[in-house]
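The values are calculated or read from the model by the stated rules, or taken from the named source; none is laboratory data. Remember, predicted model here, so these are calculated numbers, not experimental data. Every residue, glycine among them, receives a Cβ derived from its backbone with ideal geometry; neighbour counts consider all protein chains shown. Protein only, heavy atoms only, side chains kept; ligands, DNA and RNA dropped before computing areas. Shrake-Rupley method; radii C 1.70, N 1.55, O 1.52, S 1.80 Å.
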Amino acid sequence: MTNPTAAMLVIGDEILSGRTRDANMHYLAGEAIKHGIRMAEVRIVPDRQDRIVAALNALRTDYDIVFTSGGIGPTHDDITADAVAAAFGVGIDVREDARALLAEYCARMGRDLNEARLRMARIPDGATLIANPISAAPGFVIGNVHVMAGVPSVFQAMVASVLPTLAGGDPLMSQTLCVERPEGDIAGELRGLAARFGDLSIGSYPFSRDGVYGTNIVIRGTDGARIDAAMAALCALFPEAMA
């Protein structure tokens, strides 16, 4: 089975300004790998409709699945739903099933379902809702695009709802070897190993720890036997790493 590819579009001025650290990409990548979905690209765009539309149209064309986070709240700068509707060329308005979810939540919490909160019930035509068990305001799916909240706890709950509905592939596995040598000293050997095992992903990640320069070498793929073979070859190249 060919593993589907996915991209993520992170939306928000607060991410680009450094005011907020994005945690959603890290979480999504880990969960997608378990489901056999290969995260291939992540983009971060500001709260500007033209930039959201352009990025979304590019990603949904290039990848099997697109996830977005951010910009579906109650304030004036939450424009993701409108941008998604524009990207798909469809209308958008308050939808009764989304309104009902918010009305029930507000009644339970003793809050008014005011105009600002009703913004979160505006859903593009033809979309289906993504459940939000934390604060009720739904995400939605249209085409191959899954639009989710930016608040990490809500985002994670929506991911848990969405992933079981997606066709995945073989689980992606990995093994790591730590070599206490700089990348520049081992690049030639790694190039040869990568050529021998072209069906696997072999990455090198340098580190410096207590004055020691080293490299973590990570082998990834879907075939456990091939990963084992590549790791055996890697260990033969750097036997000191096994000491």
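Checking the structure you have, find out if any residue of the range 146-156 is in contact (Cβ under 8 Å) with a residue 60 or more places away in the chain, on the phi > 0 side of the Ramachandran plot and not basic (Lys, Arg). Within the range 146-156, not a single residue is in contact (Cβ under 8 Å) with a residue 60 or more places away in the chain, on the phi > 0 side of the Ramachandran plot and not basic (Lys, Arg).
With respect to (1) at pLDDT 95 or above; (2) open to solvent by 70 Å² or more (accessible area, probe 1.4 Å); (3) among the hydrophobic types (A, V, I, L, M, F, W, C), the lone exception for residue 1 is condition (1).
Restricting 11, 72 to those that are touching a Gly at 6+ places or on another chain (Cβ under 6 Å) and either open to solvent by less than 60 Å² (accessible area, probe 1.4 Å) or within 18 Å of residue 167 (Cβ to Cβ) (or both) reduces the list to 11.
Filter the range 192-214 for residues that are of a type in the set (A, V, I, L, M) and under 24 Å from the mean Cα position of the chain (by Cα) and give the result.
Quick first cut of the range 192-214, residues of a type in the set (A, V, I, L, M) only: 193-195, 200, 202, 212.
Correct list: 200, 202.
Restricting attention to the range 88-124 and to residues that are of a type in the set (Asp, Glu) and not in a strand (DSSP E or B), the residue that is least open to solvent (accessible area, probe 1.4 Å) turns out to be 97.
Please determine, by comparing only the residues of the range 206-220 that are modelled with pLDDT under 90 and open to solvent by less than 80 Å² (accessible area, probe 1.4 Å), which one is nearest to residue 171 (Cα to Cα). Residue satisfying both the conditions and the ranking: 212. Of all residues in the range 182-205, those being touching a helix residue (DSSP H, G or I) at 6+ places or on another chain (Cβ under 8 Å) and either basic (Lys, Arg) or loosely packed, with under 12 Cβ neighbours inside 10 Å (or both) number 2.
The residue pairs whose first member lies in the range 162-183 and is within 10 Å of residue 217 (Cβ to Cβ), whose second member is assigned to a loop (DSSP other than H, G, I, E, B) and open to solvent by less than 50 Å² (accessible area, probe 1.4 Å), and whose beta carbons are closer than 8 Å, counting only pairs six or more residues apart or on different chains, are 177/238; 179/238. Before we move on, is residue 42 modelled with pLDDT of 95 or more and open to solvent by 30 Å² or more (accessible area, probe 1.4 Å)? Taking the combined requirement at face value, the residue satisfies it.
Apart from one condition, residue 24 fits all of (1) of a type outside the set (Val, Ile, Thr); (2) over 13 Å from the mean Cα position of the chain (by Cα); (3) more than 17 Å from residue 143 (Cα to Cα); (4) buried (at least 18 other Cβ atoms within 10 Å of the Cβ); the exception is (2). Look at (1) in contact (Cβ under 8 Å) with a residue 12 or more places away in the chain; (2) open to solvent by less than 40 Å² (accessible area, probe 1.4 Å) and you find that residue 58 fails only one, number (1). When residues in the range 145-156 are screened for being hydrophobic (A, V, I, L, M, F, W, C) and open to solvent by 20 Å² or more (accessible area, probe 1.4 Å), 1 of them pass. For residue 167, the conditions (1) surrounded by fewer than 18 Cβ atoms within 10 Å (Cβ to Cβ); (2) within 22 Å of residue 100 (Cβ to Cβ); (3) in contact with a Pro (Cβ under 8 Å, 6 or more places away or on another chain) all hold with the exception of (2). Can you give me the number of residues within the range 94-128 that are under 30 Å from the mean Cα position of the chain (by Cα) and at positive phi? Total satisfying the criteria: 1. Considering the range 29-39, and only residues there that are open to solvent by less than 30 Å² (accessible area, probe 1.4 Å), in contact (Cβ under 8 Å) with a residue 60 or more places away in the chain and hydrophobic (A, V, I, L, M, F, W, C), the residue that is nearest to residue 98 (Cα to Cα) turns out to be 32.
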